[in-house]
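The structure appears right after this line, and notes come after that.
FYI, it's all coordinate maths here, none of it is from the lab. Keep in mind that what you see is a predicted model, and the values were worked out from it rather than measured. Positions of Cβ are generated from backbone atoms using ideal geometry, with glycine treated the same way; all protein chains shown enter the neighbour counts.
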Amino acid sequence: MEGHVKPNRIEPSQALSEPADVITHDVRNPFETLTHPVNSRVKQIWAIGGGKGGVGKSLIASSLAITLSRLGNKVVALDLDLGGANLHTTLGVDLPKQTLSDFFSGRTKKLEDCTIPTGIPNLDLISGAQDDLGVANISHGQKVKLLQSVRDLDADYLIFDLGAGTNLHTLDFFLFSDIGLLTLLPEPTSIENGYRFIKGAYYRRLRLSRQLKEIHSLIDMAMDSKNPLGIRSPSDLFREVNKMSPEAGMKLKEEIGRFRPKLMVNQARTQTDIDIGFSVKTVCKKYFGIDMDYIGYLDYDSAVWQAIRRKRPLMLEFPNAKLVSSLERVVQYLVKRHGHQKNDIY
C-alpha cells in the first residue's frame, strides 16, 4: 500500500446518520411480466453499484469481467451508467459505433447487435448510451425491453456497471441482478450516499414484491418521512404491518431476509478504512434487518490511475499488482459461495 496517512476517524454514528428520504414515486413494476428464459445460457448477472460517482464502479466491473473471462466463462459487460458511460475506457476499447442508444431508438432490433469484442478472450462489451441527451431518462417500456433482452444474450455471466445515485432505473437494474455489489470509499460522503443507495433499493424491493401487495400502502407511507403513522424506520414499518396482520408481518420478514447485497470498500489505506465495512454491515443489520455480506476491501494503489490514464485495463497493465490479486479472490469467493443462485424477485 502507498501513502499510509491516517485519515480523520469516521464515526459510524456520524457517517451513517439518516439522510433525506429516498422517494420512489413510480410504482410500476418492471419485473411484473419478466420470467427467466427457459433455455437461458446466462448463469448469473452481477451488478456493481454505489451511491455516488468516483467510487471505482467501472474499474471494479471491468476487472471482475476480465477475471471471470479468464476462468473460461463467456462474459458480456454492460455499461448501464446511462448518460455517463465510460466502461469502454477501463476495458481499453475505443468508443464503440453502436451503443445502447441504438437499441433504445430501435436502430438495432436485438440487444446482441450492440455487442462488440474487447480484444480480451471470452469478453464482449455493450457500451452505454451517451449520444442522446435524454438517454438517462429512458421510459418504463424501454427499461422493461432491456431487462427482457439481457438474459437472451449468449453469455455465462453478465456484468452491469451501474450509474451513480438512486434513480429508479439504477435501483431496478441492481435489484434485477443475481448478485448486487455495493462499492464505497472510506469517506463520509461516499458512506452516506452508499447508505442512501441501500435504503432506496430496500424500499424499492419491498414495494415491488408480489408477496407484499396487501401492505403496499404502508410501504409507500414509510417512504414519506412526514407520514401520519410516524413510521420513521423499517422497525416502525414492521410494527405497523404486524398490527394490521401478523401473517403479513411474517411475509415482510421473509422478504427482508432474501435481500442480501454485497459490500466492498475501495481505496482502503488504514485499518480504520477496512473497519468501515464492518460498521456499515452492523448498521444495516440493526436498522434494516438485512444481512449484508462484506466481501472485502481493495487497497489504495497508484496503479489504478496509471491504468486509467493509459486507457488500459488494470488487470492487463499491472498483472502483478496486489490489487489484482484481491479482485481475483473476490471473484473466486462469489463463484464458489453463490454458484448459480438466481434472483427471486421476478
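Extension gain for the segment residue 140 to residue 71, taken as residue separation times 0.36 nm less the Cα-Cα distance, is 21.3 nm to one decimal.
Applying 0.36 nm per residue to the separation of residue 217 and residue 41 and subtracting their alpha-carbon distance, the gain on full extension is 59.6 nm.
Taking packing as the residue-averaged number of other Cβ atoms within 10 angstrom, the listed peptides 151-163, 275-287 run from highest to lowest as 151-163, 275-287.
Of the peptides 205-218, 187-200, the ranking by mean beta-carbon count within 10 Å, highest at the top, reads 187-200, 205-218.
For the listed peptides 56-67, 252-263, a ranking on the average number of other beta carbons within 10 Å per residue, highest first, reads 56-67, 252-263.
With θ taken as phi - 60° and the Karplus curve 6.51 cos²θ - 1.76 cosθ + 1.60 applied, the whole-hertz 3J(HN,Hα) list for region 277-287 is x, 5, 5, 5, 4, 5, 5, 5, 5, 5, 8 Hz, x standing for glycine and proline.
Max-minus-min Cα coordinates of region 110-240 on each principal axis give 56, 37, 31 Å, with the largest extent listed first. Taking Lys and Arg as +1 and Asp and Glu as -1, the other residues whose beta-carbon sits under 9 Å from that of residue 58 total -2. Separation between the residue 239 and residue 34 pseudo-spin-labels, each 7 Å from Cα along Cα→Cβ, expressed in nm? In this crude label model, residue 239 to residue 34 measures out at 3.5 nm. Above 17 Å, the calculated P(r) of region 217-346 contains 71 percent of its Cα-Cα pairs. Listed cross-link partners 199/281; 43/322; 52/281 are compared with a 21 Å cut-off, the Cα-Cα value being larger for 43/322. Once you divide the Cα radius of gyration of region 30-182 by 2.2 N^0.38 Å, the number left is 0.93. Per-residue extension of 0.36 nm, minus the Cα-Cα distance of residue 302 and residue 232, leaves a gain of 21.0 nm for this segment. A simple count of charges around residue 87, restricted to other residues whose Cβ falls under 15 Å of its Cβ and scoring Lys, Arg +1 and Asp, Glu -1, yields -2. Computed from the alpha carbon atoms alone, the convex hull of the chain holds 131 Å³ per residue.
Counted by Cβ distance under 15 Å from residue 242, the other residues give a net charge of -2, where Lys and Arg count +1 and Asp and Glu count -1. For region 68-107, the percent of C-alpha pairs falling in each 5 Å distance bin, counted from 0 to the bin holding the largest distance, reads 5, 18, 25, 24, 16, 9, 3, 0.
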